[in-house]
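Asker: Take this structure, written in structure tokens, and hold onto it; I'll ask about it next.
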């Protein structure tokens, strides 16, 4: 039986049916509470509808070109062509199927699904815009995610697209310029280059993937250029001009580049606009995200927030874990907060990146007695056979005092798959000696992770 107070329509009302919101709603409903969830677009949120899932399909589609090239070295003759409309149709069918599963699971759990945009009217009331409907709830959870940021004052920005529109281009362009140096920009550069599009990546910073280990950044920049991507660093747009033959990108360094499509992947921001937060007493932090405590509680006594809208660690599995912690804290009397340390992440660039733990520079700042660094760069067996010069990077960062492995960085085929298992060891606090005591699986790339013996830098380099 629900403990619903007669004063409210629901025990819990969730705004946003992405991965985090759906998990919280389902768990709470399964506990016997009366729960509703509102979604203004499609159930599944950023990850399922316009993020990691469709993007991974695009990565896999585009990587076949590289596999065909490799196959020729093994004696295969491959005659292939790519049909963009056919792929987009298949992708959309699969996304619709996944969205349907999410919606069905909500129904099975007893969650009421409200189609429409929910706006807070006060701390316990939401209005469904355009539906002439208001709903009250004892507790409210905000899980509205993030949205692409676009430089609105840039002349000609109306001619550009964001990553969300990239999933629905009516035809594959012949030329594209992607502005940005983060994981979204790098991933889409690999996608379009793999599909045969003349691809240029521009970024205002000194190197791509700001925040990642410097060796990873440098190595990946070199490898994606081998895949045909033109990378221009230390530069950004001055304007975009539409002409009869395409879009002319005027860059601040004086260069002009004509393309068919211009895509901005210059970051995402919390989706807080027009939510009515101020009327409910929900405050934002200095970065414009919803301010929460370690248990995801906002500045309003009965309102919580999880996922990208809080801008803590914007990863789908993290939002799901935050949802579980919310449910345990609020409805199971078991206060929990998610541990953000040593969370593995992947960049599905080509080649891909897998990372867990600290970069070398982060470790030097936090490890009192310095760090030991082990690095290997090698040509994998698969490419050595074909004569390709593509190389893999693997790097271990070790606390010199405790000998704990505090960071693992991989750039190369199946890096994201390897890092998931490496994350177990890092999270468990295993030492370099324990890694070394693990017998290698031969012949594999992953065996390099347990056979690294020669230090690149010594422990006597103290943290600065």
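Asker: What shape does the range 340-393 take by its C-alpha gyration tensor, where a ≥ b ≥ c are the square roots of the eigenvalues and a/c under 1.5 counts as rounded, a/b above b/c as prolate, and the rest as oblate?
Answerer: Here the range 340-393 falls in the oblate category.
Asker: Separate question: Please label the shape of the range 269-352 as rounded, prolate or oblate, based on the square roots a ≥ b ≥ c of the eigenvalues of the alpha-carbon gyration tensor (a/c under 1.5 means rounded; beyond that, a/b larger than b/c means prolate, else oblate). Working shown, then result.
Answerer: Values: a/c = 2.63, a/b = 1.30, b/c = 2.02.
Oblate is the answer for the range 269-352, as a/c is 1.5 or above yet b/c matches or exceeds a/b.
Asker: OK, next. With a point put 7 Å past each Cα toward its Cβ, work out how far residue 83 is from residue 440 in nm, to one decimal.
Answerer: About 4.5 nm separates the two model spin labels.
Asker: Determine the gain in length on full extension of the stretch residue 378-residue 68; use 0.36 nm per residue of separation and subtract their C-alpha separation, reporting nm with one decimal. Mind showing how you got there, number by number?
Answerer: Values: separation 310, 0.36 × 310 = 111.60 nm, distance 2.19 nm.
Gain in length upon complete extension: 109.4 nm.
Asker: When ranked by the protection proxy of mean other Cβ atoms within 10 Å per residue, highest first, what sequence do the peptides 356-365, 126-135 form?
Answerer: Values: 356-365: 19.8, 126-135: 15.2.
Order by mean packing, descending: 356-365, 126-135.
Asker: Can I ask one more? Once you put a point 7 Å from the Cα of residue 421 and another 7 Å from the Cα of residue 41, both along the Cβ direction, what distance in nm separates them?
Answerer: In this crude spin-label approximation the distance works out to 3.6 nm.
Asker: If you wrap a convex hull around the C-alpha atoms of the range 3-88 and split its volume per residue, what is the figure in Å³?
Answerer: Given the Cα convex hull of the range 3-88, per-residue volume reads 113 Å³.
Asker: Suppose the Debye formula is applied to equal point scatterers at every Cα of the range 157-266; what is log10 I(q)/I(0) at q = 0.10 Å⁻¹?
Answerer: -0.25
Asker: Where the centre of each part is set by its Cα atoms, how far does the range 167-235 sit from the range 315-380, in angstrom?
Answerer: 24
Asker: Still on this model: Could you tell me the calculated FRET efficiency between residue 168 and residue 76, based on Cβ-Cβ distance and R0 = 41 angstrom, to the nearest 0.05? Write down the numbers at each step before the final one.
Answerer: On the way: r = 33 Å, r/R0 = 0.82.
E between residue 168 and residue 76, to the nearest 0.05, is 0.75.
Asker: On C-alpha positions alone, give me the angle between the axis of helix 19-30 and the longest principal axis of the chain, in degrees, nearest 10.
Answerer: Taking the Cα atoms of the chain, the angle to 19-30 is about 40 degrees.
Asker: Let me ask something additional. When you count, for each residue, the other Cβ atoms within 10 Å and take the mean per peptide, how do 429-440, 409-420 rank with the highest first? Each step should come with its number before you reach the end.
Answerer: Details: 429-440: 13.8, 409-420: 21.6.
Sorting 429-440, 409-420 by mean packing, highest first, produces 409-420, 429-440.
Asker: Something else about it: Report for the chain the percent antiparallel among DSSP-assigned beta bridges with both residues inside it, nearest 5. Write out the running numbers ahead of the final one.
Answerer: Details: 46 of 77 bridges.
Here the antiparallel bridges make up roughly 60 percent for the chain.
Asker: Ordered by packing density, taken as the mean number of other Cβ atoms within 10 Å over each peptide's residues, highest first, how do 79-88, 280-289, 370-379 rank?
Answerer: Working: 79-88: 11.2, 280-289: 14.6, 370-379: 18.8.
Top to bottom by mean Cβ count within 10 Å: 370-379, 280-289, 79-88.
Asker: Also, quick follow-up: Against the globular-protein guess of 2.2 N^0.38 Å, express the Cα radius of gyration of the range 345-450 as a ratio, rounded to two decimals.
Answerer: Values: Rg = 13.9 Å, N = 106, 2.2 N^0.38 = 12.9 Å.
That works out to 1.07 for the range 345-450.
Asker: Moving on to the next point. Could you point to the label whose value was computed as Kirkwood radius over Cα pairs in Å for the structure here, given (1) 26.5; (2) 24.2; (3) 22.8?
Answerer: (2)
Asker: Hey, another quick one. In Å and whole numbers, how far do the C-alpha atoms of the range 89-221 stretch along each principal axis, longest first?
Answerer: Projected onto the principal axes, the Cα atoms of the range 89-221 cover 51, 34, 34 Å.
Asker: Another question about this same structure. What nm distance separates the two modelled labels at residue 341 and residue 113, each placed 7 Å from Cα along Cα→Cβ?
Answerer: About 4.0 nm separates the two model spin labels.
Since every read-out is calculated from the coordinates, none of them should be taken as a lab result. Computed from a prediction, not measured in an experiment: that's the story for all the values here. For neighbour counting, all protein chains shown are included, and Cβ atoms are generated from backbone atoms with ideal geometry for every residue, glycine included.
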